[in-house]
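Presented below is the structure to which this report refers.
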Amino acid sequence: MMIQKRVLVAEDDPVTAGILRAILGSAGFEVTVADNGKQALDVFLNSPFPVIVTDIAMPQLTGQELIENIKAHGYEPVIIVQTAVDEVHSVIEIMKQGVFDYVLKPLNQQEFLHKIENAFEIAELRQVEKALERERELRTEQQLSNRNTIEKILTRDYDKFDKELFTNLKTSFSQGSGFGGLLALISLISVQAKKEGGKYIIDKELMDLVIQNAQMGQRALEAFSEIESILNEQFDLQPYTVAEFSTIINRELQNIEPLMQIKNTVIKFGDNSASLSNKKVNIDQKKFLQALRELFINAMKFSIEKSSILLLLNLTSKSLMISVLNKPIPGNNNVMGIPSEYARIIFEPFFRLTRIVDERFGTLEFGLGLTMVEKIIRKHRGKIIAGNIIDHLDIGQKGSIRVNFEIELPLSE
């Protein structure tokens, strides 16, 4: 479900109002016009809009008074102010109230529509951020009510358990029993299979399938080796400001643009790092980007076609929160998102919510990718959770599900 492209235009001049209606309407936006500030406020409170375009000088309520009243009711639409050149000094004061942007009269149509499109992207990010905040509050309440259970979980010796688990699994895979024996047998068949008349006695399709599965098993073994290496090696954690961290993420987004084209996916980065630039986090850049890339690929694989993935950064008093949100395709039994009973085990090896395998992304389908992500994040002294949030982007309609993978990294002291 996409955000409804509804725009409220507050403009007392009928000619200008007609021009705005025509420009926005021709670009596919649903436009409602109010000819004074009071009417605009009444219309908005009756059915809130994600984006408002307002004049400054209007009867009954000025543009500034309209904005003040809307915010007083607890709403945060994205607001664009239109003004004449000689009113620019008034815009400066209004911008201090959190106005998104302004446009000068007479309008430059292309520039105006570009700002409107940007406004809707910001509206989408704001709404999801609010949903995330509500979900975090609920999660905190639940954690407080289950403190004893959480303390038991936190006292578990994770590193000792994981090192033993992955070492044992790797040994089982590589030695002469279990999968190791199977791989050895497949390799033997592929080398020593008897030929007659230039053909294998074993059916060729079956033989190809055997060899293919042997190669996949080898890739699984390599993945276990990589996870074991992550668990045992020392990470080179270096301090980065949030602004520097944001730049690193932007570079990685450019690197994965070819993968976005597979399902016509767009990753929208809600980058407010300028306001967070004095805070720092300690990361191993190479390893952290490896985890983040896997999260992006996971989100793209299990997103609906032509949808947006949201990447959001937010600060708490002690942590940097990194959220990757996608609109999921239906899973097994048409289940949407991650059922709550699976939220804790989704990072376990071999666990998968869906039988769908999308080979276009060129990644392993053994359920090991998220396991690797969780191990890398924990080596950063952080944690990662997965779950659903309700995406209330369309007023008056039932919210849709977004899957949220949320990383919590401690701020550097």
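What follows draws every value from the coordinates through simple rules; no lab data is involved. The shown structure was predicted, so the numbers you read here are calculated from the model rather than taken from an experiment. Cβ sites come from the backbone with ideal geometry, for glycine too, and all protein chains shown count toward neighbours.
Here are the numbers for the structure shown:
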{"read-out": "Positive-end extreme of charge dipole, the stretch 6-129 - chosen from T83, I23, S47 (charges on Cβ)", "value": "S47"}
{"read-out": "Filter on K130/K306; K5/K105; K96/K306 - keep pairs with C-alpha separation over 32 Å", "value": "K96/K306"}
{"read-out": "Highest average packing first - 224-230, 306-312, Cβ atoms within 10 Å", "value": "306-312, 224-230"}
{"read-out": "FRET efficiency, I304 to E348 (Cβ-Cβ, R0 25 Å, nearest 0.05)", "value": "0.45"}
{"read-out": "Where labels lie 7 Å past Cα in the beta-carbon direction, separation of R381 and E65 in nm", "value": "5.4 nm"}
{"read-out": "Estimated FRET transfer efficiency (T16, S340; beta-carbon r; R0 56 Å; 0.05)", "value": "0.65"}
{"read-out": "Within the stretch 6-129: Cβ-based charge dipole about Cα centre, in debye rounded to nearest 20 (Lys, Arg +1; Asp, Glu -1)", "value": "140 debye"}
